[in-house]
Amino acid sequence: MKTSTTRRLSLAIGLIAAAGLLTGCAQAPAAQPTSWGYGADNGPEVWGSLNKDYALCVDGTAQSPIDIVNTVDLDLVNIELNYTLSQMHEFDNGHTIEAEVEESSKNIITVDGEEYSLVQLHFHAPSEHQIDGQTFPLEVHFVHESADGKLAVIGVFAEEGTENSAWKPFTDSIHTADNTKAGAQVSLNPAELLPAVHTTYRYDGSLTTPNCGEGVKWNVMSNPITMSADQLAQFTSAYDGNNRPVQPVNGREIELDTTP
Ligand SMILES: [Zn+2]
């Protein structure tokens with residue numbers, strides 16, 4: 001009799017405890033974010049604490065983006081661009097819309113005597129870099145990699161103006177890229193996506209997303225391209241606010257190549 005009562009009691013306590021646990025689960029605060037983003041709980045201010053591999057996001061001393069000020073004018077060797085009409089896969093990578101260059105397409109740039117291949121391009125809205133404190137509605141990053149894994153990025157600002165026909169295959173596919181797993185196939189000639197004049201700001205920086213790795217050669221074009229309001233809206237309908245704030249320059253030299 002006693003045993004049975006005890007058993008029943010312990011069963012009841014177990015049920016209460018289970019119910020409490022369930023209630024506790026339902027009322028527990030949201031789980032810690034496991035992936036980075038741009039929100040209050042997983043944004044640039046906390047990237048460094050999300051993952052030990054992201055330590056440079058908080059400890060780095062040569063980070064990007066930056067506000068481009070106090071530049072040194074130099075007649076640098078121009079960046080050599082050997083871009084061709086290329087097949088690209090446009091898709092949503094969870095942080096931006098990206099167009100990845102298919103392996104059959106070769107797009108080589110030469111910076112400071114070193115060759116880099118175009119791997120992918122993607123956008124941030126609004127711009128990540130600033131010029132004298134000025135932000136642009138959009139910044140596109142053309143990400144290039146050398147044979148030994150070094151990165152060179154060409155940054156291009158876009159502002160509102162006339163429609164940009166060279167960009168139409170990309171902008172017309174954003175909705176598909178954003179809303180389907182398969183994404184879209186597009187043909188683009190990267191040369192036509194750049195401004196007509198190729199003067200660049202150059203400095204040594206980092207990835208602007210985790211892991212914020214340094215040693216990235218930045219080449220930010222000083223002339224923006226234009227896109228129509230509709231084209232810019234296509235970008236921001238997919239991602240808006242996916243820009244890391246500007247980081248301390250820490251004495252780095254920012255060169256302006258004065259000859260196109
Ligand atoms: Zn980027």
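Just so you know, all these numbers are worked out from the coordinates, no wet-lab data involved. All figures in this text were calculated on a predicted structure; none of them were measured in a lab. Ideal geometry is used to build each Cβ from the backbone, glycine not excepted, and the neighbour counts take in all protein chains shown.
Couple of notes before you dig in:
- Evaluated with a Cβ-only charge set (Lys, Arg +1; Asp, Glu -1), region 100-175 carries a dipole of roughly 100 debye about its Cα centre, given to the nearest 20.
- All C-alpha pair distances within region 39-257, sorted into 10 Å bins from zero, spread as 8, 34, 40, 17, 1 percent across the bins.
- Sorted by Cβ density within 10 Å, fewest first, the residues Thr180, Thr71, Thr208: Thr180, Thr71, Thr208
- Calculated mean residue ellipticity at 222 nm for the chain: -6500 deg cm²/dmol, from DSSP H runs with n ≥ 4 weighted as -39500 (n - 2.57), summed, divided by the residue count and rounded to 500.
- Residues in region 119-130 carry Karplus couplings, in order, of 9, 6, 10, 7, 10, 10, 9, x, 4, 8, 6, 10 Hz; the curve used is 6.51 cos²θ - 1.76 cosθ + 1.60 with θ = phi - 60°, and Gly or Pro positions show x.
- Linear extension gain, Thr135 paired with Thr180, 0.36 nm per residue minus alpha-carbon span: 13.1 nm
- Test item: Cα-centred dipole of the chain, Lys/Arg +1 and Asp/Glu -1 on Cβ, debye: 1980 debye
- Extension gain for the segment Thr259 to Lys106, taken as residue separation times 0.36 nm less the Cα-Cα distance, is 52.5 nm to one decimal.
- Around the amide H of Phe136, modelled in the peptide plane, lie the amide H atoms of Ser127, all under 5 Å away and 5 or more residues distant in sequence or on another chain.
- 3J(HN,Hα) couplings calculated from phi for region 67-75 with the Karplus curve 6.51 cos²θ - 1.76 cosθ + 1.60 (θ = phi - 60°) are, in sequence order, 7, 7, 9, 6, 7, 9, 6, 9, 8 Hz; Gly and Pro show x.
- Near Leu74: Cβ cut-off under 11 Å, other residues only, Lys/Arg at +1 and Asp/Glu at -1. The net charge is -4.
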